[in-house]
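The values are calculated or read from the model by the stated rules, or taken from the named source; none is laboratory data. Please read these numbers as outputs of a predicted model, since none were measured by experiment. Methodologically, a virtual Cβ is constructed for each residue, glycine included, from the backbone with ideal geometry; neighbour enumeration extends over all protein chains shown. Calculation scope for accessible area: heavy atoms of the full protein, side chains included, ligands and nucleic acids excluded. Shrake-Rupley method; radii C 1.70, N 1.55, O 1.52, S 1.80 Å.
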Amino acid sequence: MLGDSGVGKTLMGTWVSSAYGYHKDLILLRDDTRNSLVHRLGVYGTLPAYIDEVSNINGEDLSDFVYRITQGRDRNRLTKNATERHGNNNWNTIALVSTNHSLIEKLGHHKHNASAEINRIFEYEVETPFDSRVATQIYRTVDENYGHVGKLYAEYLVKHQDELRDKLDKVKFKIDELS
């Protein structure tokens, strides 16, 4: 999510996170360590991850960040005996981030050809701010009611997976036709 301060990006990220649990426990921060981020992605598995405010991330870290999230697994590691460590974190999720500056532009300025990273980003602009009274009510609501919608959504996905897979394939084919 891209937009000026105060338009409601963090509010929307909070709202998304609250579907699955208490948002303050689920929201990741850009300053969280890479290892912490990777660990959480593995713990979340298929749940969406919201990372708040990545505006100040530099180009190199952004490139690594985009690859790391979209690869779906932690990097392989060896034990002190030079054998591969078991139990790597894996995930199959989408990450939602908020930023005041275009990540696509930042990647374009960082590298001569950043198309691999840019193709992994869907950026949309948030322009119209929430009315402050509405925002206050939403924050209050997610603080008092959280973790319920995610379960219902997951149950719906499981129950309708064949139908949804067909719809997803149709959308993918349309996107491929446009490319």
Quick one: how many residues across the stretch 4-25 are outside any helix (DSSP H, G or I) and open to solvent by 50 Å² or more (accessible area, probe 1.4 Å)? 5
Please tell me if residue 28 is in contact (Cβ under 8 Å) with a residue 40 or more places away in the chain, in contact with a Leu (Cβ under 9 Å, 6 or more places away or on another chain), under 23 Å from residue 150 (Cα atoms) and open to solvent by less than 60 Å² (accessible area, probe 1.4 Å). no
Take the residues in the stretch 69-106 that are open to solvent by 30 Å² or more (accessible area, probe 1.4 Å) and in a helix (DSSP H, G or I); name whichever of them is nearest to residue 17 (Cα to Cα). 70
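For (1) surrounded by 11 or more Cβ atoms within 10 Å (Cβ to Cβ); (2) at pLDDT below 95; (3) under 23 Å from residue 25 (Cβ atoms); (4) not small (Gly, Ala, Ser), each residue gets a yes or a no:
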site	(1), (2), (3), (4)
121	yes, no, no, yes
128	no, yes, no, yes
135	yes, yes, yes, no
142	yes, yes, yes, yes
145	no, yes, yes, yes
149	yes, yes, yes, yes
156	yes, no, no, yes
162	no, no, no, yes
179	no, yes, no, no
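Would you check if residue 68 is among the basic types (Lys, Arg) and within 12 Å of the chain's Cα centre (by Cα)?
So residue 68 passes the test.
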